[in-house]
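First comes the structure, then the notes that go with it.
The values are calculated or read from the model by the stated rules, or taken from the named source; none is laboratory data. In this text, all values refer to a predicted model and were calculated from it rather than measured experimentally. Methodologically, a virtual Cβ is constructed for each residue, glycine included, from the backbone with ideal geometry; neighbour enumeration extends over all protein chains shown. Surface accessibility is based on the protein's heavy atoms, side chains included, excluding ligands, DNA and RNA. Shrake-Rupley method; radii C 1.70, N 1.55, O 1.52, S 1.80 Å.
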Amino acid sequence: MVVYWGSMSMKILNEKTLATTKIRRDALKIVRAGLEAVETGKSLKRIVHRVGERLTVGKRVYRLDRYRRIFVIGIGKAAFDAVHALESLLGSRITDGVVLDVKGGKLLRVKSLVGTHPLPSHTNIRATAEILGIVKGATADDLVITVVSGGGSALLCWPHQLECDDVTKINRLLLRRGATIQEINTVRKHISEIQGGQLAWMAHPATVVGLIFSDVPGDDISMVASGPTVLDTTTVKDAQRIMKKYEVLRLCALEHCDLRETPKHPRFFEHVYNELVVGNTTAVQAMAQRARALGYDPVLYSTTLDGEAREAGQLLAGLLKPGQALIAAGETTVTVRGKGQGGRNQEVALGALATLPEKGLVLSLASDGIDNSPVAGAFVDKQVKQRAHILKLRPERALEKNDSLPFFEAVESTIKTGITGVNVSDLMLGLQSV
């Protein structure tokens, strides 16, 4: 008998309020299809199943009865839902485990801990210590199943010769100055004693299975949550160059920052097997399929869209054509100049407003449901333009102040999903009716 588990449908909590026109209803249906396609339990079902004592992960089979103990570790914004599903699958075969996520709940065999994001904290350090206690005790007779998902870079925190407050300063600076996720995570690997393959190194010689939920454009698994189970190819010199580029030491008022080289010897990874469970490609394909069913001509623009968020929004608006659904995913950046509220997805939408065609709509949302604020993202269309004019709101001023959230709350076009338990980067959509 093959053991699987069910999944819950994704919901846009304020969909009824938002869906006042056909193009809005279509946009919400399309993006919801993308979220549902990458739902955590559903994604695991495609990759992992069990028949008796045979656990299949991708193309590999593990005999559970050959391991003395089985540990489950979960890190990131998809971790709790994934570990909940793994408990249903493995049951009493799990010896012990810890899951560290931005949300928590009751699990039968694994301890659930809630940490902070996007910045690390002492709470995260204490939780990481519990994970280390399990990993360091693993032996050659043990199996360590590790769920690694987006958000894990901040949640999994064990700094090398730095105080927690210093790590927070560095992360905050890199985020505010518009560093890419690859740059940020390269630095994170080398100021850490657990990322950049170091979790797998500490678990050696146990067998380690990494189940990767990618939020990184291009699905470079060594960058997801800063790659705690993946052999790292970046170096201390790479991290030093990035820190110099963004003037980290000067702007963070740090006298020095001793960087740590990550383990490079392949023998530490001989029994480490990482499997990509899902990335944003699955989401955009599902969005395209739903768009076609609704009568649009879907165009997959990119799954690695990056750059300044406002410029990405302007680009999407400028590319719209009648009858098309322009679909993209990725992770843009925001160079913070003001002290406003909002996230990169809201800046994408706000950046699209000035050049948006009369019959067009541009939407952007964080698949995890958290766009540096309690909302997942926002959209713009003709009605948003009209309401902003009536309320005498100036979108260009909101962009100057990085204050997109109050703007979208006023025009009533924020998208609310709550914490989704999914994290496959941001999903973007442009529609233009005929």
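Before moving on, here are some points about what is shown:
- For the range 357-434, the list of trypsin sites (Lys or Arg not before Pro) that fall in a loop by DSSP and count at most 13 other C-beta atoms within 10 angstrom reads 392.
- For the chain, the relative contact order comes to 16 percent (Cα pairs under 8 Å, sequence separation of at least 6).
- Counting only DSSP beta bridges with both residues in the chain, the antiparallel share comes to about 45 percent.
- Debye equation applied to the C-alpha atoms of the range 329-395, log10 I(q)/I(0) at 0.20, 0.25, 0.26 Å⁻¹: -0.86, -1.17, -1.21
- Dipole axis of the chain (+1 Lys, Arg; -1 Asp, Glu on Cβ), positive-most option in 279, 248, 73: 279
- Rounded if a/c under 1.5, otherwise prolate or oblate - the range 100-146, Cα gyration tensor axes: oblate
- Alpha carbon convex hull of the chain, volume per residue in cubic angstrom: 129
- Legend: translational diffusion of the range 164-308 by Stokes-Einstein, Rh = Kirkwood radius over C-alpha pairs, 4 °C, 1.567 mPa s; D = 76 µm²/s.
- The mean sequence separation of alpha-carbon pairs under 8 Å and at least six residues apart, normalised by the residue count of the range 42-99, gives a relative contact order of 29 percent.
- Between the C-alpha center of the range 351-389 and that of the range 185-255 there is a gap of 33 Å.
- Rolling a 1.4 angstrom probe over the chain with all protein chains present gives an accessible area of which 50% lies on carbon and sulfur atoms.
- Accessible area (Å², 1.4 Å probe, nearest 10) - residue 231: 70
- Between residue 161 and residue 106, the simple label model (points 7 Å from Cα in the Cβ direction) yields a spacing of 4.7 nm.
- Expected 222 nm ellipticity per residue - DSSP helices of 4 or more, -39500 (n - 2.57), all of the chain, to 500: -10500 deg cm²/dmol
- GluC sites (Glu not before Pro) within the range 348-434, DSSP loop, no more than 14 other Cβ atoms inside 10 Å: 358, 412
- The range 286-380, relative contact order [Cα under 8 Å, separation at least 6], %: 27
- For the range 259-295, the list of GluC sites (Glu not before Pro) that fall in a loop by DSSP and count at most 16 other C-beta atoms within 10 angstrom reads 261, 270.
- Per-residue surface analysis assigns residue 311 an accessible area of about 110 Å², computed on protein heavy atoms at 1.4 Å probe radius.
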